Structures are given as C-alpha cells and as structure tokens.
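Contents: one structure, followed by commentary.
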Amino acid sequence: MIKRKRDRLDSMMRRKMPVMVGRMAKDHFQDNFRQGGFVNGGLHPWPKAKRLSSGGSDAASNYGTLLSGRKHLFKSVGYTPADYRVRVFNEVVYAPINNWGGEIDVTVTDRMRRFAWAKFYKASGKRKKTGTGQKKRVKRRSKPKELNPQAQFWRNMALTQKKKLHIRIPQRQFMGESEELNRRIREKVDQEITNILNQ
C-alpha cells in the first residue's frame, strides 16, 4: 500500500503537476495583461501607453497597454511540461524588451515612413493626396487646422531626417517570479498530495 501511494505521488509530480503548474502560470501571466500590471505582492501597474492618452478615436487607441487587436504578445504566453518540471515562455521577439524594459536603436526605412504617413492620414482624418493629373482649384488659404497629438506624432515620424531612432521602452513586466502564483502552486501541490495520501 505504501509503495502504491509512493508510485502515485511520483507519477503526480512527474506528469500531472508540470501540466497543472504550467496552466496556472500561463493563466496568471495572461491575467497580468487584463489587469494592466504585474501581480507580485499586489498589483504593480504598468506605465500607460502613450496612444491611450493621444485622443485618437480608432480601436488601437482604446486597447489596453501591451494589448492590440491580435493580442499577439498575450496569446504567445505558453508552457512545455516535462518530467518533474515545466518551462513557461513567451518567444515573441519583443517580449524581453517589454518585460524588462531597456533601450533599442531602430533603423528608419522607407517602409516605416509609408506606414507613418498612413497612420497620420488615419489619425488626422485627412485624405491622402492623389496625383490625378487634374488641375486643382485654388482655394483661399485658411488657417491650418490644429493636429491632434497622435496625428502630430505620426507626421513627425514620417518627416524625420534621422536614419536611426533611439527608443526607451519602459518596463512592463508580465512574466516572472510572483508571490501569489507561488502560493497558489504550493496550495495545489499540498492538495494533490493530501488527496493521494487520504485514499
């Protein structure tokens, strides 16, 4: 009887617990995205994304910090169970810089400029000028309309003379050691061990 329970305990720790712990960790880390901060001894809110205060009315201006329409970073939290252990990961290229913060240098390309112009036209509500070959009517010059901060940002990005941009990314940790997660894991392990010993 003791050997049977020992075998069941070993099987639980080797096979069952890595899957359960991986799932718990994934849920906990994804919940950090929903809460807008890292939960470790309480919620540590992330610095707000600039686009949230830009005054834009498009959907992207309303997604939470580190979230987008595709939720790529959020959905890329995963886990791989193995014997007696589990690996929890996020293999998106920009995951580490967001998780730990830091500085990066980005080369400005023509494609980036085209993207910035497209975002400018969308944010400002202006129509893109097309070369139709028709003569334009000359309008009286009116005072230029004030651009909203988001449109101004994209216009500046499209017109920049810089070849490289030095960007500081603030830390928005979503993965790592967490008191709350560790406590829930310990409680789950204790519960599973108790269930086996009481049978």
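The values are calculated or read from the model by the stated rules, or taken from the named source; none is laboratory data. This structure is a prediction, so every number in the text was calculated from the model and none was measured. All Cβ positions, glycine included, derive from the backbone under ideal geometry; neighbour counts span all protein chains shown.
Name the single residue, out of those in the stretch 76-128 being in a strand (DSSP E or B) and of a type in the set (K, R), that is nearest to I167 (Cα to Cα).
Result: R87.
Results for (1) modelled with pLDDT of 95 or more; (2) of a type in the set (S, T, Y), shown as yes or no for each residue.
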site	(1), (2)
D27	yes, no
A59	no, no
R70	no, no
G78	yes, no
V86	yes, no
Y94	no, yes
V106	no, no
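What about R15, is it at pLDDT 90 or above, over 18 Å from R172 (Cα atoms) and in the same structural domain as E180 (by TED's automatic domain parsing)?
So R15 passes the test.
Here are some residues: K135, K145, K139. Which one is at pLDDT below 80 and touching a Ser or Thr at 6+ places or on another chain (Cβ under 9 Å)?
After ruling out the rest, the residue left standing is K145.
Which of the residues that make up the stretch 15-45 are in contact (Cβ under 8 Å) with a residue 60 or more places away in the chain and of a type in the set (D, E)?
Result: no residue meets the conditions.
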